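For reference, the structure is listed below as structure tokens.
The values are calculated or read from the model by the stated rules, or taken from the named source; none is laboratory data. No experiment lies behind these values; they were computed from the predicted model shown. Every residue, glycine as well, gets a Cβ built from its backbone with ideal geometry; the counts of neighbours run over all protein chains shown. The accessibility values were calculated without ligands, DNA or RNA, using every heavy atom of the protein model including side chains. Shrake-Rupley method; radii C 1.70, N 1.55, O 1.52, S 1.80 Å.
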Amino acid sequence: MLRVPLMDPKALVDTFVENFEKLAGKSIVVRAAPDVVPALAPVLHGKRVVASNTPYLDTCGVRPMPGIQTGFTDPGAWREACTAADVGITSVDYALAQTGTFVMMASQENPRLASLLPLIHIAVIPRSRIVGNLDTLLGVLPAPAEQTSSMVLITGPSRTADIEQILVRGVHGPGEVYAVIVEQD
């Protein structure tokens with residue numbers, strides 16, 4: 001029998017941040033949902049921003065922020081907005097501490113385009129959704145295909161290297177990725 005060690009919630013956040021930042025991700029840890037908007041203000045200043053329709057972004061006050069495009073129901077309009085945006089804001093379903101990875105399950109409220117097309121992706125994560133590793137996730141969510149048509153694992157900014165191993169960021173997705181972790185759910 002496989003036994004996965006349990007980590008205390010503070011250690012999960014610290015481990016996630018450490019591993020996420022090793023991959024050139026940028027972490028912002030806030031105490032509570034109302035602290036998200038002030039923390040994002042400097043990152044969003046002067047940028048075109050889209051936000052997914054997830055209820056958690058409402059809880060944090062993100063979707064009602066002035067200048068944020070959200071509430072799309074037409075897939076074509078959503079695609080067009082994401083293509084033109086500088087920043088895409090989503091929530092995530094889970095985050096893996098061991099690898100600094102976002103886990104996003106495609107849905108009507110949280111379509112993948114906001115995490116893929118804009119140059120900057122910001123994921124707002126409730127602390128309770130950070131789990132230790134993939135084994136733990138699959139214990140919590142044993143049959144993801146029954147819940148979604150697509151589960152995407154995002155580990156840091158997009159990066160690729162050519163034959164000479166010259167690393168380039170942002171070629172196949174966002175070049176900057178932020179994790180905003182909300183400690184109190």
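Quick check on this structure: which one of 40, 23 is at pLDDT 95 or above and open to solvent by less than 50 Å² (accessible area, probe 1.4 Å)?
Values: 23 fails: at pLDDT 95 or above.
Just one listed residue meets the conditions, 40.
Looking at region 26-37, which of its residues are surrounded by 14 or more Cβ atoms within 10 Å (Cβ to Cβ) and over 11 Å from residue 100 (Cβ atoms)?
Just the residues of region 26-37 that are surrounded by 14 or more Cβ atoms within 10 Å (Cβ to Cβ), to begin with: 26-30, 33, 35-37.
Matches in region 26-37: 26, 28, 29, 30, 33, 35, 36, 37.
In region 4-60, which residues are acidic (Asp, Glu) and either in contact (Cβ under 8 Å) with a residue 12 or more places away in the chain or over 28 Å from residue 75 (Cβ atoms) (or both)?
First pass over region 4-60, keeping only residues acidic (Asp, Glu): 8, 14, 18, 21, 35, 58.
If the condition is that a residue be acidic (Asp, Glu) and either in contact (Cβ under 8 Å) with a residue 12 or more places away in the chain or over 28 Å from residue 75 (Cβ atoms) (or both), then 8, 14, 18, 21, 35 are the ones that fit.
How many residues are at pLDDT below 95 and surrounded by 21 or more Cβ atoms within 10 Å (Cβ to Cβ) when one looks only at region 57-77?
Here the count works out to 0.
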